[in-house]
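The values are calculated or read from the model by the stated rules, or taken from the named source; none is laboratory data. Treat the numbers as computed from the prediction; the structure is a model and nothing was measured. Here the Cβ is made from the backbone with ideal geometry for all residues, glycine too, and neighbour counts use every protein chain on show. Note: accessible area is taken over every heavy atom of the protein model, side chains too, but ligands, DNA and RNA are not part of it. Shrake-Rupley method; radii C 1.70, N 1.55, O 1.52, S 1.80 Å.
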Amino acid sequence: LSHYRLFSVHSFVLSALAMKNHCEQPLNSPLHMISQLEQLPVDLIWRIFDLTPESMLTLRLTSRILKHRTEQYDMRRPIIDVVTKLTIIGPSERSAPVNPSSRICVLIQLPICKSREFWRRLVCESAMNLIKDREVKVRRDAKIYRLYFYVKVDLDRMEYVGSCLGKKIARIALTKCSNGEAQGDVAKLLNGIEIGHLKISDMIFSDDLVSQFMQHVNVDRLSMIVKKVDSTSPEHILLSISTLVRCLHIKQQCVDGIESTERYFMGVTDFDWVPTILEMLSGKVDKLLIDNFFYPEFLSKSGAETLREKIPGLGRNIWFESSCDHYEEGLSYNVNGSTVKVDSSYEFDPMLIIKPAKEVKTDADP
């Protein structure tokens, strides 16, 4: 059926263009001088472009009207999403000066069958000059475009590329982007895009992450691989993020100079995280996973007891998992519609799990 529809669209386009040769018709041409294709409503013409993007390069040469329609189409956010994964690599050091040498690398991965449409979006006549800063790599059935942008200098170009990425992207990885200005530029790139899963790693986590980036993007699931933290109140970072995403996965890495016996998490030692966790689970977040296998003592026995008591009483379908070595294997019971148990099948320390007793349909773990 899809092949028949495409054939029909191609046939209509060819027959409509065959009726009259329009090379330089003005936009205000009399109706009797305009072809059937040019008389179609603009939304229908755009739908034809969606189905047959390869026809645009030819159609734009046939008349000024169709050239104008293709330019209008290129400047709107595409209906059909083509990008499968986006990787953004920024300046690695937060203290790096903001100057033309601070460069952001963007890797855009999409199926080869969609690459022609994406490339047409990127290099349309109304676009800015992006070709000089791009590389293309082919990997099996995928094509990867590598684009470079200078922090603060290429903001307009980043916004334009963002408008070519579509409305939804399932997976985005943000790495080595500790600079607040760079984070703000990346937020402009991702403006208006629904992000299924965002993974942040290899960077310094600071207050800028919230103010410059997270508050300006639309993320459903967030994974944070944390090592360096530069904040006097890291709990406020997590509380702010918990109001912006539905699912949050925090993986604490080993930090030089911090012994495994210390109660360490998110840049601080001997901090009571229980009130913060409970407040986070009272907001938008309904799935919170904390992997802190290097410092399992961050959650005290009394803190774990409080979570076992309080979380099932929050009245929501909450899924909570955290590293916790205070219980033996075999702990398992139901209370207030929740299952509370200890799972020792993980590679390192056991996990305390509090989840809905009745399995609810949910996305895969980040």
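Report, by chain and number, residues whose modeled amide H sits under 5 Å from the one on LYS251, excluding near sequence neighbours (fewer than 5 apart, same chain).
Counting only residues 5 or more places away or on other chains, the set is MET224, ILE225, VAL226, ASP291.
Could you work out what % of the accessible surface of region 190-309 is carbon and sulfur, using a 1.4 angstrom probe and leaving DNA, RNA and ligands out of the count? Please report the intermediate quantities before stating the final value.
Numbers: 2150 of 4850 Å².
Carbon-and-sulfur percentage of accessible area, whole number: 44.
Please report the accessible area of ARG157 (heavy atoms, 1.4 Å probe, ligands and nucleic acids excluded) in Å², nearest 10.
30 Å²
If DNA, RNA and ligands are ignored and the probe is 1.4 Å, what is the ranking of LYS287, LYS355, LYS188 by accessible area, most exposed first? Let's see the in-between values first.
Working: LYS287 5, LYS355 30, LYS188 100 Å².
Heavy-atom accessible area, descending, gives LYS188, LYS355, LYS287.
Estimate the FRET efficiency between GLU309 and LEU44 by the formula 1/(1 + (r/R0)^6), using the beta-carbon distance for r and 51 Å for R0, to the nearest 0.05.
The computed FRET efficiency comes out at 0.25.
Please give the per residue accessible area of region 144-285, computed with a probe of 1.4 Å over protein heavy atoms only, in Å².
Values: 5560 Å² over 142 residues.
Accessible surface, normalised per residue, equals 39 Å².
Sum up the charges of everything whose Cβ sits under 11 Å from the Cβ of HIS236, counting Lys and Arg as +1 and Asp and Glu as -1, but leave HIS236 out. Mind dumping the intermediate values first?
Working: positive: none; negative: ASP207, GLU235, GLU279.
That sum, taken over residues with Cβ under 11 Å, equals -3.
Answer rounded, prolate or oblate for region 231-366, using the Cα gyration tensor with square roots of eigenvalues a ≥ b ≥ c: rounded when a/c is under 1.5, else prolate when a/b is larger than b/c, else oblate. List each step's numbers first, then the result.
Working: a/c = 1.67, a/b = 1.22, b/c = 1.37.
Oblate is the answer for region 231-366, as a/c is 1.5 or above yet b/c matches or exceeds a/b.
For LYS67, LYS284, write out the residues from largest to smallest accessible area, computed with a 1.4 angstrom probe and no ligands counted. Before the final figure, lay out each step's value.
Values: LYS67 65, LYS284 100 Å².
Listed by decreasing accessible area, they come as LYS284, LYS67.
Largest first, how would PHE205, PHE294 line up by accessible area (1.4 Å probe)? All intermediate terms of the calculation are to be shown ahead of the outcome.
Values: PHE205 0, PHE294 100 Å².
Per-residue accessible area, sorted high to low, gives PHE294, PHE205.
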